[in-house]
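Following: one structure in structure tokens, then a few remarks.
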Amino acid sequence: MPSLDLPDLPYSYDALDPYMSAETLEYHHDKHHMAYVVNGNKALEELEHMGDTLDEVVVNAFKAQNHGLYNNAAQHWNHKHFWNWMKAGGGGNKLPGALEAKIKEDIGDFATFRGQFIEAGLTQFGSGWCWLAMDNETGKLEIMKTANADNPLRHGKTALLGCDVWEHSYYIDYRNARPKYLEAFVDNLVNWDYVAELYDHAQLKAAA
Ligand SMILES: [Fe+2]
């Protein structure tokens, strides 16, 4: 595949203020995400062909137990989506209908989802991510958490929503208060339209 590219943020640096500051986004996007892109490309340069798409590269790097490539490619994947999983004026319980019904069927009402998602982020020891994901075999939605760069792809699942609980994502704005950051993410930042878009895409893929 072509080399990894750092995408622009889909909004201005101060767009998510006060829930996520411009300073956090500058460091997180320009320094941390950029480092994953640079280091992922360095790892790819030394290899033959790891896949045609980023999804394939992530899964193949895991299968090959190439930790350097996996960590950087998976973090690139995670962050590419993370910027789109947030928007100004987002969050709360106004979910597109089909997605809301599916969450209700597989997980529970919005309060149950919110509680489980936040709990997964809180109980992820150290760095990592919490997720709303779809199991590719059963089609069921579930809440999960992963350590460091790991993501649902190599677990046979499709990520619909993820929250970065590495300290670099919240320490400037919330210091050590990870619960407050997770609450702000769910209540004020989630871009539910993007989550619904990924859900629709996963449905089409499952039906194909
Ligand atoms: Fe991050």
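Any chance the stretch 72-83 includes a residue that's of a type in the set (Gly, Ala, Ser), within 13 Å of the ligand (Cβ to nearest atom) and closer than 15 Å to His168 by Cβ? Among the residues of the stretch 72-83, not one is of a type in the set (Gly, Ala, Ser), within 13 Å of the ligand (Cβ to nearest atom) and closer than 15 Å to His168 by Cβ, which makes the answer no.
Of all the residues that make up the stretch 29-43, how many are among the basic types (Lys, Arg) and either within 16 Å of the ligand (Cβ to nearest atom) or in contact (Cβ under 8 Å) with a residue 40 or more places away in the chain (or both)? Let's see the steps before the verdict.
First, the residues of the stretch 29-43 that are among the basic types (Lys, Arg): 31, 42.
Now restrict to residues that are either within 16 Å of the ligand (Cβ to nearest atom) or in contact (Cβ under 8 Å) with a residue 40 or more places away in the chain (or both): 31.
Summing the residues that are among the basic types (Lys, Arg) and either within 16 Å of the ligand (Cβ to nearest atom) or in contact (Cβ under 8 Å) with a residue 40 or more places away in the chain (or both) in the stretch 29-43 gives 1.
Of the residues making up the stretch 175-208, those that are in contact (Cβ under 8 Å) with a residue 40 or more places away in the chain, within 16 Å of the ligand (Cβ to nearest atom) and not aliphatic (A, V, I, L, M) are Arg178, Phe185. Pairs only if they're at least six apart or on different chains, beta carbon under 6 angstrom, first in the stretch 68-96 and touching a residue at least 12 places away in the same chain (Cβ under 8 Å) and within 18 Å of Met34 (Cβ to Cβ), second outside any loop (DSSP other than H, G, I, E, B) and within 12 Å of the ligand (Cβ to nearest atom); list them, first residue then second. Note: pairs meeting the criteria are Asn72/Tyr36; Gln75/Tyr36; His76/Tyr36; His79/His33; Phe82/Asp164. Is it the case that some residue within the stretch 175-192 is within 17 Å of Gln75 (Cα to Cα), of a type in the set (A, V, I, L, M, F, W, C) and outside any helix (DSSP H, G or I)? No, the stretch 175-192 contains no residue that is within 17 Å of Gln75 (Cα to Cα), of a type in the set (A, V, I, L, M, F, W, C) and outside any helix (DSSP H, G or I). Is it true that Ala73 is at pLDDT 95 or above, farther than 19 Å from Cys163 by Cβ and not charged (D, E, K, R)? Against the criterion (at pLDDT 95 or above, farther than 19 Å from Cys163 by Cβ and not charged (D, E, K, R)), Ala73 qualifies. Consider Gly51 carefully, then state whether it is touching a helix residue (DSSP H, G or I) at 6+ places or on another chain (Cβ under 6 Å) and in a helix (DSSP H, G or I). When the stated conditions are applied, Gly51 does not pass them.
Could you check, for the stretch 44-57, whether at least one of its residues is within 16 Å of the ligand (Cβ to nearest atom) and surrounded by 22 or more Cβ atoms within 10 Å (Cβ to Cβ)? So far as the stretch 44-57 goes, no, none of its residues is within 16 Å of the ligand (Cβ to nearest atom) and surrounded by 22 or more Cβ atoms within 10 Å (Cβ to Cβ).
The values are calculated or read from the model by the stated rules, or taken from the named source; none is laboratory data. Remember, predicted model here, so these are calculated numbers, not experimental data. Because the Cβ atoms are built from the backbone with ideal geometry, glycine has one as well, and the counts that use them run over all protein chains shown.
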